[in-house]
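Report on the following structure.
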Amino acid sequence: MTTITRFAPSPTGRLHVGNIRTALLSTLFARATGGRFLLRIDDTDAARSEERFVDAIRADLEWLGLHPDGEERQSARGALYDARFAELVASGRVYPAYETQQELDLKRKIQLGRGLPPIYDRGALALADAERAALEAEGVRPHWRFRLDPGAIEWDDLIRGPQRFDAATMSDPVVRRADGSWLYLLPSAIDDADMGITHVVRGEDHVSNTALQLQMFAAMGATPPAFAHTALLTGAEGKLSKRLGSLGVDHFRDAGVEPAAVTALLARIGTSDPVEPLGLDDLAAGFGFDRFGRAPARFDEEELAQLNTRIVHALAFGAVADRLPAGMDVAAWEAIRPNLHTLAEAVDWWRVVTGPVEAEAPLEDRDFLAAAAAAAAAIDWTAGDPWHALTNRLKEATGRKGRALFLPLRRALTGLDHGPDMAALLPLIGRERAIERLAKS
Ligand code: GLU
């Protein structure tokens, strides 16, 4: 069996960490099993769906390195939904209902007032043909409900384990509005069946939808996919956080976070595996839904930043060359890389190399730096290690050592107290600039 997963966002906004995680886990499972990963744009809600969000979703997935093996759009599949719908109406599993929203609200109030669960009473099913005809003659257009079969609805969730719902505790869900537009449940089940989706990954807020959709698969004579419902994401403080709903690719990119850091973190939080700076293939190799727990997964931006630093420190020049400032070569990258938290900081260090740098030496260092300028002019820069040549010569000439030797040089040469290893940095600064900076301090 070839596995097929899908990520099914509604294009009503940008992707946020929660749905990025869903897309990622769907991708990893497909890769782990040699299967396919589909992007399905759930755009049946014409009023709320926007083309710019479709484009943004594609671009966000691209940035994350999650490349779908195919793309489908629900708005192009209306004919299939109509056909399945007609079959379900013919078999009596979908029926017309005529209540207005006010009537339904009133029914609910009465049930709640009596201490009863607010379950739809199937008033529409009880209508005689003549009553229905009379309503239609008055111009009342029905919405449509899916009739649940009584009994237990059970499945073995890949993350949550055995699940059980009693259909008697659920209302027949509305699947189509009076204006003919679709609600989410039925088109999604039709698509999952028609596209041969074998594994659905989604948030645990969909668990009760799954119970309803399992009956829809059965009513259509389709084999349902397996389901993996992920636990909620919480913020660092362990609470549901509004902020997570707006954290997306733009934010990460602006903060200088590498896509690999986002995917490495989201692949492992909520699992029994450690967070490691791994690429998608390595993450896929160790992937299994059995690793995931039911407890909420904590998304901690501090942990993301630390992971990002580890990832940046392992990036090869070839992988980042086109994102580095012009002129920065492999030696410069390797000298500067250990000091970076984000790739964007490379620009700042490169500016230290190319200058100009601002440095004003204290009075007591001026003679020393003048001697340093003379030494820098005298040493052999072609021998490969000008920093040791320079500092050895100055140690002998001035008797300075340790901090008193190194710090004034670093300050004069870089304008800073800290930074990359001077032995790696000085060859990049080069003879002319070094002499000039030392002489001027
Ligand atoms: N469009 C639905 C959503 O964004 C898809 C849910 C699903 O994965 O079935 O919630």
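The values are calculated or read from the model by the stated rules, or taken from the named source; none is laboratory data. Everything numeric in this text was worked out from a predicted model, so none of it was measured. Note that each Cβ is placed from the backbone with ideal geometry, even for glycine, and that neighbours are counted across all protein chains shown. Ligands, DNA and RNA are stripped out before the accessible areas are found, and what is left, the full protein with its side chains, is counted by its heavy atoms. Shrake-Rupley method; radii C 1.70, N 1.55, O 1.52, S 1.80 Å.
Residues in segment 22-42 that are open to solvent by 10 Å² or more (accessible area, probe 1.4 Å) and touching a helix residue (DSSP H, G or I) at 6+ places or on another chain (Cβ under 8 Å): PHE29, ARG31, ALA32, GLY35, ARG36, ASP42.
Looking at segment 166-204 only, could you name the residues that are part of a helix (DSSP H, G or I) and either among the polar types (S, T, N, Q) or modelled with pLDDT under 95 (or both)? Even if it seems obvious, please write down each step before you answer.
Pass one, segment 166-204, residues part of a helix (DSSP H, G or I): 167-169, 185-194, 204.
Hits for segment 166-204 are THR169, SER188.
Here ARG52 meets the list (1) without any contact (Cβ under 8 Å) to a residue 12 or more places away in the chain; (2) of a type outside the set (Ser, Thr, Tyr); (3) in contact with an Asp or Glu (Cβ under 6 Å, 6 or more places away or on another chain) almost entirely, failing just condition (3). Each residue in segment 138-183 was checked for being of a type in the set (D, E, K, R), open to solvent by 40 Å² or more (accessible area, probe 1.4 Å) and in contact with a strand residue (DSSP E or B) (Cβ under 8 Å, 6 or more places away or on another chain), and 7 pass.
Of the listed requirements (1) part of a helix (DSSP H, G or I); (2) open to solvent by 60 Å² or more (accessible area, probe 1.4 Å), HIS341 misses just one: (1). Residues that are surrounded by fewer than 18 Cβ atoms within 10 Å (Cβ to Cβ) and more than 44 Å from the chain's Cα centre (by Cα) within segment 406-424 comprise just one, PHE406.
Examine segment 358-375 for a residue that is among the hydrophobic types (A, V, I, L, M, F, W, C), within 23 Å of GLU334 (Cβ to Cβ) and surrounded by 13 or more Cβ atoms within 10 Å (Cβ to Cβ), and state whether such a residue exists. Give the steps one after another, and end with the answer.
Within segment 358-375, the subset among the hydrophobic types (A, V, I, L, M, F, W, C) is 359, 361, 363, 368-375.
Those still in the list that are within 23 Å of GLU334 (Cβ to Cβ) too: none.
Looking for residues that are among the hydrophobic types (A, V, I, L, M, F, W, C), within 23 Å of GLU334 (Cβ to Cβ) and surrounded by 13 or more Cβ atoms within 10 Å (Cβ to Cβ), one finds none in segment 358-375, hence no.
Here the condition is being open to solvent by 30 Å² or more (accessible area, probe 1.4 Å) and either touching a helix residue (DSSP H, G or I) at 6+ places or on another chain (Cβ under 9 Å) or away from the ligand (no atom under 13 Å from the Cβ) (or both); of GLU237, GLU204, it holds for GLU237 alone. In segment 7-20, the residues that are in contact (Cβ under 8 Å) with a residue 12 or more places away in the chain form Cβ pairs under 7 Å with partners that are of a type in the set (Val, Ile, Thr) and more than 10 Å from the ligand (Cβ to nearest atom), at six or more places apart or across chains, as follows: PRO9/ILE57; PRO11/VAL54; PRO11/ILE57; LEU15/ILE57; LEU15/VAL249; ILE20/VAL262.
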